[in-house]
Amino acid sequence: MTSAQSPGKRQWLKITLFCPLPLLEPAADLMGVLSEAGVEQSPETETGAFVSGFFPLAANDNSATTADELLSRVLDEMTRLFALYERIPDRPTVTVLADEDWATSWQQYFKPFAIVPGLVIKPSWETYQPTPEERVIELDPGMAFGTGQHASTRMALALIKESMTGGHHRQALDVGTGTGILAMAAALFGAQRVVAIDNDPDAVAVAAENVANNGLAGTIEVSVTPLNEIREGFSLVCANIVHDVLVEMAASLAGLTAPGGHLVLAGILHGDQEKNIVRVYQRLGLQPLARLQQEEWAALLLRRS
């Protein structure tokens, strides 16, 4: 592989790999660790999606060697990951981008779409005219936070919408808010106050910007406040994280769900993880009201007695 560049001008190596659905999330996480600069994911299809990592190339004559080394490292690490799922990755494709182009190259993949019926996600660089029944979230995801199209996000949003029907919830808590998409949906569906927390300061910065851009700063409070420092109860609590963390947080999440309130949990694998989550939360006084399944993922709507 060769690349020509002007002296002193940094370029970026974009390494793109197709990932089947079962590997999509772990592959995106791994690519983020390897890149340390940015990751993009194309919209999911029935078979999977493309995941790309961005790697800076030094402005010197050894950039071609550096690019080859980066590609070899990514392929080796992805091969190990794919082997855990008894799969072999296709050889990645590479593109060299100018410094001024790399941060916008991914925008071609992100168009307005209905993430659940009645809720449309659109980026700031696109125009969209909603119907009277639609609510719109303007969301520029940034390189490290995805597009909100993961099955877990879609199911969590669907359950939040179901839970909010009838305007039952005045206050909501979103744990692990990420881009703030669940918090914003809760506000748009009728919550008068939403607390959104995340232990990642970068995620909080992105979420706060998204909340402000959507005119919801007066409704949604975004912070890095630890879960154990929140004392009040909420009629709706949502957490789209992973099974082990949901188990670890179970007592706190259950305690923050007000009597008669609802708890939405996502990021759970269908099967053993889902059954275990139900068992853990039932012991804490929460009963399942609804469940959704897409691909290998499951999400739950629970009610506290």
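Read the figures in this text as sums done on the coordinates, not as results from a lab. Source: prediction; values computed, not measured. Every residue, glycine as well, gets a Cβ built from its backbone with ideal geometry; the counts of neighbours run over all protein chains shown.
For region 205-305, applying the loop criterion from DSSP together with a ceiling of 13 other beta carbons within 10 Å to the trypsin sites (Lys or Arg not before Pro) yields Arg231, Arg283.
Using 0.36 nm per residue and subtracting the Cα-Cα separation, the extra length available between Asp90 and Arg135 on full extension is 12.3 nm. Charge tally for Gly176 (other residues, Cβ to Cβ under 10 Å; Lys, Arg +1; Asp, Glu -1): -3. Taken over region 219-261, the percentage of Cα pairs per 10 Å bin, counting from 0 up to the bin with the maximum distance, is 24, 58, 17, 0. Rounded to the nearest 10 degrees, the angle from helix 21-35 to the longest Cα principal axis of the chain is 60 degrees. What does the charge add up to near Gly118, with Lys and Arg as +1, Asp and Glu as -1, over the other residues with Cβ less than 15 Å from its Cβ? Neighbour charge sum, excluding Gly118 itself: +1. All other residues whose Cβ lies under 15 angstrom from that of Val278 are scored, Lys and Arg at +1 and Asp and Glu at -1, for a net of +4.
Defining a contact as two alpha carbons under 8 Å apart and six or more residues distant in sequence, what relative contact order in percent does the chain show? Across the chain, relative contact order equals 13 percent.
Helix 201-213 against the longest principal axis of the chain: what's the angle in degrees, Cα atoms only, rounded to the nearest 10? The helix 201-213 is inclined about 70 degrees to the chain. Counting only aspartates and glutamates at least 8 places from Lys122 when in the same chain, those with an alpha carbon closer than 14 Å to its own are Glu134, Glu138, Asp140. Projecting the alpha carbon convex hull of the chain along each direction and taking the average yields 16.5 nm².
Between Arg73 and Thr127, the modelled label-to-label distance comes to 4.4 nm, taking each label 7 Å out from Cα in the direction of the beta carbon. According to a simple spin-label model (label point 7 Å from Cα along Cα-to-Cβ), what is the distance in nm between Asn228 and Thr45? Each label point is offset 7 Å from its Cα along the Cβ direction, giving 4.7 nm. Each residue, Asp200 and Gln293, gets one label point 7 Å from its Cα in the Cβ direction; the gap between the two is 2.9 nm. Against the compact-protein benchmark of 2.2 N^0.38 Å, the Cα-based radius of gyration of region 172-305 scales to 1.00.
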